[in-house]
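Below is one structure, written out as structure tokens; the observations come after it.
The values are calculated or read from the model by the stated rules, or taken from the named source; none is laboratory data. This is a predicted model, so every value here is computed, not measured. Counting neighbours? That spans all protein chains shown, and the Cβs are built from the backbone with ideal geometry, glycine included. Protein only, heavy atoms only, side chains kept; ligands, DNA and RNA dropped before computing areas. Shrake-Rupley method; radii C 1.70, N 1.55, O 1.52, S 1.80 Å.
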Amino acid sequence: MARKNPFANILTDKEQPAERSVVEYAARGASRSILGTLDEMAARADKLATGETIVELDPDTIDASFVRDRRAHNEQEFNELLEAIRENGQNSPILVRPHPKASRRYMAVFGHRRLLVAKTLGRKVRAVVKEMVDHEHVVTLGQENSARSNAPFIERALFAADLARLRYDEDNAIILKALSIDRTTLSKMLSVAALPASVLEAIGEAKGVGRDRWYELKLLMDKPSNQDAAFEVIKEEGFAALPSDTRFDRLVQRLKAIRTRKRVQAGPEKRSWSPTGGSVSADITADAKRFTLAIKAKSSEARAFGDYLSENLDRLYEAFRRDSTQPREEP
């Protein structure tokens, strides 16, 4: 008989009331892209269930994780979760570990918002206590974070950067495992996470912005002049009041406009010249560092005039320097 999928009714942070397995905290929201086949998911749940029990703990005895998977605090989402737990109770337990440095205390692995809700409501928090070392902690947190379908890219990138600074290994294998990503994606994550902190804070979580668009911003910000422009944009009146995705779009559009304007301004200037009553003419092309004069005529006068200019370049240049350095008389 086919094995029943133990994750068929897993709760999200919306906390809808339903029957729940003791071990469903282990893979809430997981998909094939994270855990592979349903058999692998069931095996993982069986392994985590061994010897573990849901207990009720005083929230004040639990410290936050030493690495964070969430930066932004979404007030609306938090209030929705708070009301759901107030009405229906906490159906999905959090995961904690015995604190590695303080006796009789715990450290949260994941479930920080549910922990904060319990503190706010003055209730005990339902939790599973599991012994683990630091690198197991970050892998578990990263996999739980990756299983959230709405996890913003920038939060995952900043989490990856935090893990990279911990240097658990030399080849970032733990980060790749924790976030279920390849090295190319990790490279882009780390480069995006290196953007100025003030810019990242001003934009926020930007849930609708994915990897490629964040990397586009990173490339725009590689130019020092664009960094100065970005700092000005995020300080503009009304910028902070915009939705997070709109703030991102506004900044990228402004930086692209600067690049386009510079490209237009950098184009060479073209004009023509011809003397009154003369048979010769010239096409002139000039930019900041080059001046081209193309003389033409229907007769041999073009060559003769060109030779004359060439033979008198020294005298003409001296006259130019003399005129350009002499003070101009006031009218």
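In contact (Cβ under 8 Å) with a residue 40 or more places away in the chain, of a type outside the set (S, T, N, Q) and buried (at least 18 other Cβ atoms within 10 Å of the Cβ): which single residue out of Met189, Met107 fits that description? Don't jump to the end; show me each part of the working.
Details: Met189 fails: in contact (Cβ under 8 Å) with a residue 40 or more places away in the chain.
Sole residue among the options that is in contact (Cβ under 8 Å) with a residue 40 or more places away in the chain, of a type outside the set (S, T, N, Q) and buried (at least 18 other Cβ atoms within 10 Å of the Cβ): Met107.
Results for (1) touching a Leu at 6+ places or on another chain (Cβ under 6 Å); (2) assigned to a helix (DSSP H, G or I); (3) open to solvent by 40 Å² or more (accessible area, probe 1.4 Å); (4) β-branched (Val, Ile, Thr), shown as yes or no for each residue.
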site: Arg247; (1), (2), (3), (4): no, yes, no, no
site: Leu251; (1), (2), (3), (4): no, yes, no, no
site: Leu255; (1), (2), (3), (4): yes, yes, no, no
site: Ile258; (1), (2), (3), (4): no, yes, no, yes
site: Gly277; (1), (2), (3), (4): no, no, yes, no
site: Ser299; (1), (2), (3), (4): no, no, yes, no
site: Arg303; (1), (2), (3), (4): no, yes, yes, no
site: Asp307; (1), (2), (3), (4): no, yes, yes, no
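Can you name the residue in the range 57-87 that is open to solvent by 40 Å² or more (accessible area, probe 1.4 Å) and of a type outside the set (D, E, K, R) and, of all such residues, is nearest to Val199 (Cα to Cα)? Steps first, please.
At the first step, the residues of the range 57-87 found to be open to solvent by 40 Å² or more (accessible area, probe 1.4 Å) are 58, 60, 63-64, 66, 68, 70-77, 79-80, 83, 86-87.
Next, only the ones that are of a type outside the set (D, E, K, R) stay: 64, 66, 72-74, 76, 79.
Values: Ala64: 25, Phe66: 24, Ala72: 14, His73: 17, Asn74: 18, Gln76: 23, Asn79: 27 Å.
So, considering only residues that are open to solvent by 40 Å² or more (accessible area, probe 1.4 Å) and of a type outside the set (D, E, K, R), the one nearest to Val199 (Cα to Cα) is Ala72.
Go through the range 236-253 and report how many residues are under 11 Å from Gly204 (Cα atoms) and under 15 Å from the mean Cα position of the chain (by Cα).
Keep residues of the range 236-253 that are under 11 Å from Gly204 (Cα atoms), which gives 240, 242-248.
So of that shortlist, the ones also under 15 Å from the mean Cα position of the chain (by Cα) come out as 244-248.
Number of matching residues: 5.
Out of all the residues in the range 140-152, is one or more open to solvent by less than 30 Å² (accessible area, probe 1.4 Å), in contact with a Leu (Cβ under 6 Å, 6 or more places away or on another chain) and touching a residue at least 60 places away in the same chain (Cβ under 8 Å)?
For the range 140-152, residues open to solvent by less than 30 Å² (accessible area, probe 1.4 Å), in contact with a Leu (Cβ under 6 Å, 6 or more places away or on another chain) and touching a residue at least 60 places away in the same chain (Cβ under 8 Å): present.
Looking at (1) open to solvent by less than 40 Å² (accessible area, probe 1.4 Å); (2) touching a residue at least 60 places away in the same chain (Cβ under 8 Å), which is the one condition that is false for Leu176?
Unmet condition: (2).
Being crowded, with 17+ Cβ neighbours inside 10 Å and over 14 Å from Val252 (Cβ atoms) is true for just one of Glu201, Glu205. Which residue is that?
None of the other options fit; the residue is Glu205.
Counting only residues that are more than 12 Å from Val67 (Cβ to Cβ) and in contact (Cβ under 8 Å) with a residue 12 or more places away in the chain, which one in the range 157-173 is surrounded by the most Cβ atoms within 10 Å (Cβ to Cβ)? Before you say what the answer is, go through the steps one by one.
Quick first cut of the range 157-173, residues more than 12 Å from Val67 (Cβ to Cβ) only: 157, 167, 169-173.
This time we only want the ones that are in contact (Cβ under 8 Å) with a residue 12 or more places away in the chain, so: 157, 172.
On the way: Ala157: 26, Asn172: 19.
The residue in question is Ala157.
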